[in-house]
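Working notes, structure below.
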Amino acid sequence: MKANCWIAPNSLAVEDVPDPQILNPRDAILRITSSAICGSDLHLLNGFIPAMRKGDILGHEFMGEIVELGQGVRDGLSVGDRVVVGFPIACGDCISCQRGLYSICENSNPNAAIAEAAMGHSPAGIFGYSHLLGGYAGGQAQYVRVPFADVGALKIEDDLPDEQVLFLSDVLPTGYMAAEMCDIKRGDIIAIWGAGPVGQLAAASAFLLGAERVIVIDRYPYRLRMVRENTGAETINYEESDVPDALREMTAGRGPDGCIDAVGMEGHHASAALHAYDRAKQAAKVETDRPHALREAVLACRNGGTISAVGAYGGFIDKFPMGSFMNRSLTMRSGQAHVQRYMRPLLERIRKGEIDPSFIITHTMRLDDTPQGYDIFKSKQEDCVKVVLKP
Ligand code: NAD
Ligand code: ZN
Ligand code: ZN
């Protein structure tokens with residue numbers, strides 16, 4: 001089959017690779033019909049998330065048709081079913097999974113000990129997300145192996161097009177969880193740093209959960225325009241305004257009730273992010289010329305408000321304003337999205353027409369053109385927000 005492979009930092013190639021095989025009884029093999037490129041893939045492409053090896057297949061947002069099932073797949077799935085798959089690989093049985101914390105499943109990352117040593121923590125296995133997170137082949141490919149298919153794969157009826165349900169795999173649950181973690185009360189004002197796919201779907205979700213106003217911050221006018229037009233959010237361009245000042249002005253001096261970081265590691269701060277403990281400590285000292293989203297979120301939030309951090313981090317970030325955080329009774333919540341917890345309820349909302357995440361798609365491309373898709377997504381050419389691949 002063909003697959004989009006990581007070759008070296010900032011180098012990708014679509015190559016012929018062996019087809020995936022069933023390895024465990026609860027595996028399924030999927031023929032992929034749609035796959036997307038995520039902001040997190042950019043952290044893998046540039047090597048900021050370590051332990052990528054030449055030939056690793058990328059991609060953790062995909063859906064398709066089941067072509068083969070292991071003997072032990074527990075319920076509901078059959079060959080021929082159309083399914084969308086959540087990005088965290090989760091067993092469904094461990095203490096984390098039982099509590100709905102699927103992205104910290106204790107049984108899906110065979111390299112947990114190495115991850116722990118390198119990063120100080122160990123998340124669940126994730127498709128196409130380096131050897132620290134399990135070394136699983138990803139879904140920017142014609143076929144993929146889905147471990148624990150009975151937990152990760154959700155059956156989709158034929159009347160909903162791929163474009164409407166594909167993002168149940170990641171960015172819709174992520175944006176929704178980001179909003180949910182703000183514990184929104186009627187009348188609340190929510191601020192969101194980042195107008196990428198995650199930030200835009202967090203904005204739509206915040207309105208769905210009862211926010212009165214949503215304010216999205218970014219530097220790209222086309223992304224800010226898109227989120228205004230599709231969700232009704234207000235926007236701030238951080239290259240034109242001082243963000244904390246503007247937010248105070250827009251909230252009668254009080255600050256937003258909830259502040260979502262949908263940026264994560266960026267620019268210099270990305271290099272502050274990882275590799276191994278020592279390098280991270282070193283690199284965390286590097287300053288950046290950009291405002292730092294998480295720091296700004298803490299400083300801008302109203303007294304007693306909540307910070308919801310879903311942008312991806314690894315390692316350390318420097319100069320966290322702990323005094324402001326502590327003395328103003330702020331709360332911070334975070335995590336890789338516990339996707340499986342949200343897939344069914346969000347599918348219901350899509351079906352009822354309460355939310356349609358397909359508005360974020362700006363590009364549809366062939367699998368052969370995946371490296372070009374990364375280029376335009378990364379460099380924000382052609383007003384790119386989300387690339388969908390059609391293997
Ligand atoms: P993206 O790269 O398309 O969007 C990030 C946006 O942030 C860009 O538009 C960028 O211009 C903007 N930005 C950069 N610095 C900023 C600043 N200081 N203030 C305001 N905006 C700023 O990526 P995406 O796909 O939307 O993903 C966003 C983040 O969420 C990434 O870090 C990604 O790894 C992470 N993510 C996390 C989860 C999870 O489960 N928690 C899931 C998916 C993605
Ligand atoms: Zn992702
Ligand atoms: Zn588990």
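Within region 113-147, count every residue that is part of a helix (DSSP H, G or I) and more than 16 Å from ligand 2 (Cβ to nearest atom). Summing the residues that are part of a helix (DSSP H, G or I) and more than 16 Å from ligand 2 (Cβ to nearest atom) in region 113-147 gives 8. Checked against (1) outside any strand (DSSP E or B); (2) within 20 Å of residue 384 (Cα to Cα), residue 216 passes all but condition (1).
Take residue 67 and tell me if it is more than 16 Å from ligand 1 (Cβ to nearest atom), surrounded by fewer than 21 Cβ atoms within 10 Å (Cβ to Cβ) and without any contact (Cβ under 8 Å) to a residue 40 or more places away in the chain. So residue 67 fails the test. All conditions in (1) surrounded by fewer than 21 Cβ atoms within 10 Å (Cβ to Cβ); (2) modelled with pLDDT under 95; (3) more than 16 Å from ligand 3 (Cβ to nearest atom) hold for residue 54, with the sole exception of (2).
Being more than 16 Å from ligand 2 (Cβ to nearest atom), assigned by TED's automatic domain parsing to the domain that holds residue 29, touching an Asp or Glu at 6+ places or on another chain (Cβ under 8 Å) and not polar (S, T, N, Q) narrows it down to one of 55, 64, 86, so name that one. Just one listed residue meets the conditions, 55. Restricting the first member to region 169-181 and to residues that are among the β-branched types (Val, Ile, Thr), and the second to residues that are in a helix (DSSP H, G or I) and more than 16 Å from ligand 3 (Cβ to nearest atom), the beta-carbon pairs closer than 7 Å and six or more apart or on different chains are 171/197; 171/198; 171/201; 174/198. Among the residues of region 201-210, some residue qualifies, meaning at least one is assigned to a loop (DSSP other than H, G, I, E, B) and either more than 16 Å from ligand 3 (Cβ to nearest atom) or surrounded by fewer than 24 Cβ atoms within 10 Å (Cβ to Cβ) (or both). For first residues located in region 78-94 and among the basic types (Lys, Arg), partners that are away from ligand 3 (no atom under 16 Å from the Cβ) and lie 6+ apart or on another chain with Cβ distances below 6 Å form the pairs 82/65; 82/156.
The residue that is surrounded by the most Cβ atoms within 10 Å (Cβ to Cβ), counting only those in region 2-38 that are of a type in the set (D, E, K, R) and in a strand (DSSP E or B), is 2. None of 360, 376, 355 is more than 19 Å from residue 262 (Cβ to Cβ) and in contact with a helix residue (DSSP H, G or I) (Cβ under 7 Å, 6 or more places away or on another chain) except 376. Restrict the check to region 78-86 and report whether at least one residue is within 16 Å of ligand 3 (Cβ to nearest atom) and not in a loop (DSSP other than H, G, I, E, B). For region 78-86, residues within 16 Å of ligand 3 (Cβ to nearest atom) and not in a loop (DSSP other than H, G, I, E, B): present. Kindly establish whether residue 163 is within 23 Å of residue 377 (Cα to Cα), without any contact (Cβ under 8 Å) to a residue 12 or more places away in the chain and either within 16 Å of ligand 2 (Cβ to nearest atom) or in a helix (DSSP H, G or I) (or both). Here the answer is no, as residue 163 does not meet what is asked. Do we have any residue at all in region 100-108 that's closer than 27 Å to residue 17 by Cα, assigned by TED's automatic domain parsing to the domain that holds residue 360 and among the aromatic types (Phe, Trp, Tyr)? No, every residue in region 100-108 fails to be closer than 27 Å to residue 17 by Cα, assigned by TED's automatic domain parsing to the domain that holds residue 360 and among the aromatic types (Phe, Trp, Tyr). Among the residues of region 365-374, none qualifies, meaning not one is touching a Gly at 6+ places or on another chain (Cβ under 8 Å), within 16 Å of ligand 2 (Cβ to nearest atom) and of a type in the set (A, V, I, L, M, F, W, C). Within region 89-112, restricting attention to residues that are crowded, with 18+ Cβ neighbours inside 10 Å and among the β-branched types (Val, Ile, Thr), the residue that is farthest from ligand 2 (Cβ to nearest atom) is 104.
Among the candidates 223, 333, 295, 302, the residue that is in a helix (DSSP H, G or I), buried (at least 16 other Cβ atoms within 10 Å of the Cβ), modelled with pLDDT of 95 or more and of a type in the set (Lys, Arg) is uniquely 223.
The values are calculated or read from the model by the stated rules, or taken from the named source; none is laboratory data. Quick caveat, the model's predicted, so the values are computed rather than measured. Glycine gets a Cβ as well: all are built from the backbone with ideal geometry, and neighbour counts include every protein chain shown.
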